[in-house]
Amino acid sequence: MTDRVLLITGASRGLGAATARRAAAAGYRLALVSRNAESLAPLVEELGADKALALAADVADWDQISGAVAATEERFGRLDAAFANAGQMLPVSFFGKGGTDPRQWREMVLTNVYGTAITARAALPALAKTEGHLVLTGSVAGRYIRPANLYSATKWAVTGLAGSIRAEAVGTGVRVTLVQPGIVETELITEEMRRKPKLDPDDIARAVCYALEQPKTVDVNEIVVRPTGQDPER
Ligand SMILES: NC(=O)c1ccc[n+]([C@@H]2O[C@H](COP(=O)([O-])OP(=O)(O)OC[C@H]3O[C@@H](n4cnc5c(N)ncnc54)[C@H](OP(=O)(O)O)[C@@H]3O)[C@@H](O)[C@H]2O)c1
């Protein structure tokens, strides 16, 4: 089937851009979302303006993300899958021993938790029409406790969200997949993480496409992917 439509948030770089490339090669038409449409322009040019649509939206803003879903249906006539992937990571210390100013934490929490939740809320009515597929980017950080790590707590929330949405989706034909990457070489990671074993963004794109390509009767619930040699609890 070559007319399927996939919306990706956080599509301008990293995991989102790699998934857009793989999905385009598999025949999807793509709605690419990030806060800045200019940062999406090179990818639209690469994939072809007939196949890819750039949409500027902050996932933490209901009007913007629901508008992006509406614009996708208007342009392509349907939505078959949504990849709620946009995310941010900031260093935090709860004792104030370094880390960022607490005023900065709000944007990360809003993006990673509220943004993921309302991306799902915006996309699911459209996905229900196609018996579609929701994929969420969690993290290995959403499975283990880490010291001084609010990012990890936001990803625990995404783990919970995926389960809660899947429970509500029973009977709708909608499938829900939580992808939990270990360290991936993108702009998001710290210098310390950069010195450790890392995945390539395309490694996660392949995992997302594996879930998307399953028959409608197969709901891949969770995929955990670490680079070989990563500490199992980090
Ligand atoms: N890299 C890793 O090691 C790793 C591991 C596990 C999980 N993850 C998760 O993977 C996802 C993608 O991360 P990445 O590594 O690919 O990071 P990245 O290279 O920094 O890309 C982040 C993407 O999210 C977009 N974005 C950020 N805030 C946004 C917002 N409020 N609204 C809309 N778009 C927003 C960015 O575009 P704009 O700035 O233009 O908006 C960009 O396209 C995140 O959820 C992250 O937590 C990453």
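Can you tell which of D231, D202 is in a loop (DSSP other than H, G, I, E, B), open to solvent by 20 Å² or more (accessible area, probe 1.4 Å), on the phi < 0 side of the Ramachandran plot and acidic (D, E)?
D231
Can you say whether E187 is within 10 Å of the ligand (Cβ to nearest atom), closer than 20 Å to G115 by Cβ and acidic (D, E), as far as the supplied structure shows? Quick ask: steps written out before the conclusion?
Working: within 10 Å of the ligand (Cβ to nearest atom): yes; closer than 20 Å to G115 by Cβ: yes; acidic (D, E): yes.
Yes; evaluated as a whole, the condition is true for this residue.
Mind counting the residues in the range 61-91 that are surrounded by fewer than 23 Cβ atoms within 10 Å (Cβ to Cβ), part of a loop (DSSP other than H, G, I, E, B) and within 16 Å of the ligand (Cβ to nearest atom)?
5
Sort through T119, T177, T159, T154 and tell me the only one that's surrounded by fewer than 21 Cβ atoms within 10 Å (Cβ to Cβ) and either assigned to a helix (DSSP H, G or I) or not basic (K, R) (or both).
T159
Test A167 against the stated conditions and say whether it is hydrophobic (A, V, I, L, M, F, W, C), surrounded by 18 or more Cβ atoms within 10 Å (Cβ to Cβ), over 17 Å from L90 (Cα atoms) and more than 11 Å from the ligand (Cβ to nearest atom).
no
Determine the pairs where a residue that is closer than 13 Å to N149 by Cβ, located within the range 79-108, has a partner that is among the aromatic types (F, W, Y) with Cβ atoms under 7 Å apart, the partner being 6 or more residues away or on another chain.
So the pair list comes out as M89/Y151; L90/W105; L90/Y151; V92/W105; M108/Y151.
Go through the range 7-28 residue by residue and tally those that are open to solvent by less than 60 Å² (accessible area, probe 1.4 Å), of a type outside the set (G, A, S) and over 15 Å from T116 (Cβ atoms).
As a first pass, look at the range 7-28 and keep what is open to solvent by less than 60 Å² (accessible area, probe 1.4 Å): 7-12, 14-20, 23-24, 26-28.
This time we only want the ones that are of a type outside the set (G, A, S), so: 7-9, 15, 19, 28.
Pick out the ones that are also over 15 Å from T116 (Cβ atoms) and you get 19, 28.
Matching residues across the range 7-28 total 2.
Only one of (1) open to solvent by less than 40 Å² (accessible area, probe 1.4 Å); (2) closer than 18 Å to R146 by Cα fails for T186. Which number is that?
Among (1) open to solvent by less than 40 Å² (accessible area, probe 1.4 Å); (2) closer than 18 Å to R146 by Cα, T186 violates only (2).
Would you confirm, using the coordinates I've provided, whether A141 is in contact with an Asp or Glu (Cβ under 8 Å, 6 or more places away or on another chain), among the aliphatic types (A, V, I, L, M) and crowded, with 18+ Cβ neighbours inside 10 Å?
Taking the combined requirement at face value, the residue does not satisfy it.
Return the only residue of A25, A41, A37, A11 being touching a Ser or Thr at 6+ places or on another chain (Cβ under 8 Å), of a type outside the set (D, E, K, R) and at negative phi.
When all the criteria are applied, what remains is A11.
The values are calculated or read from the model by the stated rules, or taken from the named source; none is laboratory data. Please read these numbers as outputs of a predicted model, since none were measured by experiment. Neighbour counts are summed over all protein chains in view; Cβ atoms, including those assigned to glycine, are modelled from backbone coordinates with ideal geometry. For accessibility, only protein heavy atoms count, side chains too; no ligands or nucleic acids. Shrake-Rupley method; radii C 1.70, N 1.55, O 1.52, S 1.80 Å.
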